[in-house]
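To start, the structure under review is shown below, and the notes come after it.
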Amino acid sequence: MISEEQFKAELDIIIKNAIREDVGDGDHSSLACIPATATGKAKLLVKEDGYIAGVEFAKMVLAYVDPTLEVEVCIEDGAEVKVGDIVLYVSGSSQSILKAERLMLNAMQRMSAIATKTRVFVNLLEGTGTKILDTRKTTPGIRAIEKWAVKIAGGENHRFALYDMIMLKDNHIDFAGGIKQAIDKTNQYLKDNNKDLKIIVEARSIDEVRQILACDNVHRILLDNFDYDMTREAVALIGDQCQTESSGNIDESTVREYALCGVNYVSSGALTHSVHNMDLSLKAVL
């Protein structure tokens, strides 16, 4: 994954661009009917059971919009919430609260949905020693907060993007002329460009697992669309030579069985691409 400094920069970009997109030259609804000097207080209300995520991001949004806004957090990131719970209070300029409202809610609703789904997988994997990974199947422009939500819920982040890890998948292998060619060329590329990146290689069969094991500097083998028997065979073959990851056909009904095959990781794009936003709202405290 990328550094904390890079991750913070991604979050700053998301906030800046989202406010630009939403506010433009001004929140004219608020400017028209609320005095600039007016102050108020609002509460973030939970309207659906799940796990909350995005509290710290909401604080960043509020601070960006107006550093004088005061935030009282009642429920921290990662906590289980029920309908009617109050996550936080924000007080200060009424115009500023309204300017930040939509971005704060949009982000927290999305992040909480991802955290809630991730927690289902984390709970299903309890006691197996296998970790759940996200993927790059994220919403363009807001990957950082979606991956943050996975971490909040106890999942693990795969690579952040194309630049922080090498992943040789079926198309890379086929275009390169085969597994050995793809791995050898990659190792040479890393050497020539003085880059220290981990290499993950996708296998589509037990024979491809053997070919990968015959090569150097492979950090993890991705067992793509293997059934349970093939997965157990591959894990036994690989041993401790490198890490193992199962992908494809990973859902709530299969994830634990794949974990029990002995893989180090299971990955699922569904953590981020197939969730429905959790229902949250911001209500004025009168």
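The values are calculated or read from the model by the stated rules, or taken from the named source; none is laboratory data. Keep in mind that this is a model prediction, so the values were computed, not measured. Because the Cβ atoms are built from the backbone with ideal geometry, glycine has one as well, and the counts that use them run over all protein chains shown. Accessible surface is based on the protein model in full, side chains and every heavy atom, while ligands, DNA and RNA are left aside. Shrake-Rupley method; radii C 1.70, N 1.55, O 1.52, S 1.80 Å.
Taking every residue in segment 30-42 that is part of a loop (DSSP other than H, G, I, E, B) and pairing it with any residue that is among the polar types (S, T, N, Q) and surrounded by 10 or more Cβ atoms within 10 Å (Cβ to Cβ), at least 6 positions away or on another chain, the pairs with Cβ-Cβ distances below 8 Å are I34/S94; I34/Q95; A36/S93; A36/Q95; A38/S93; A38/S94; A38/Q95. For segment 232-240, check the following and say yes or no: at least one residue is touching a Ser or Thr at 6+ places or on another chain (Cβ under 6 Å) and over 30 Å from R102 (Cα atoms). So far as segment 232-240 goes, yes, one or more of its residues are touching a Ser or Thr at 6+ places or on another chain (Cβ under 6 Å) and over 30 Å from R102 (Cα atoms).
Yes or no: D229 charged (D, E, K, R) and either open to solvent by less than 60 Å² (accessible area, probe 1.4 Å) or under 30 Å from S94 (Cα atoms) (or both)?
On the way: charged (D, E, K, R): yes; either open to solvent by less than 60 Å² (accessible area, probe 1.4 Å) or under 30 Å from S94 (Cα atoms) (or both): no.
When the stated conditions are applied, D229 does not pass them.
Listed here are the strands (runs of 3 or more DSSP E) enclosed by segment 184-286 that have at least 2 residues being among the aliphatic types (A, V, I, L, M): 199-203, 220-224, 280-284. Restricting L44, L31 to those that are open to solvent by 80 Å² or more (accessible area, probe 1.4 Å) and within 14 Å of I97 (Cβ to Cβ) reduces the list to L31. You will find that of N187, N171, the residue that is out of contact with any strand residue (DSSP E or B) (no Cβ under 6 Å at 6 or more places or on another chain), polar (S, T, N, Q), on the phi < 0 side of the Ramachandran plot and surrounded by fewer than 12 Cβ atoms within 10 Å (Cβ to Cβ) is N171 and no other.
Taken over segment 49-82, residues that are assigned to a helix (DSSP H, G or I) and open to solvent by 50 Å² or more (accessible area, probe 1.4 Å) amount to 4. The single condition among (1) open to solvent by less than 20 Å² (accessible area, probe 1.4 Å); (2) closer than 18 Å to V266 by Cβ; (3) at pLDDT 95 or above that H158 does not satisfy is (3).
Would you confirm whether any residue within segment 211-219 is under 22 Å from G269 (Cα atoms), without any contact (Cβ under 8 Å) to a residue 60 or more places away in the chain and of a type in the set (A, V, I, L, M)? The answer is no; no qualifying residue exists.
With respect to the conditions (1) more than 30 Å from I86 (Cβ to Cβ); (2) under 26 Å from the mean Cα position of the chain (by Cα), Y228 falls short on a single one, namely (2).
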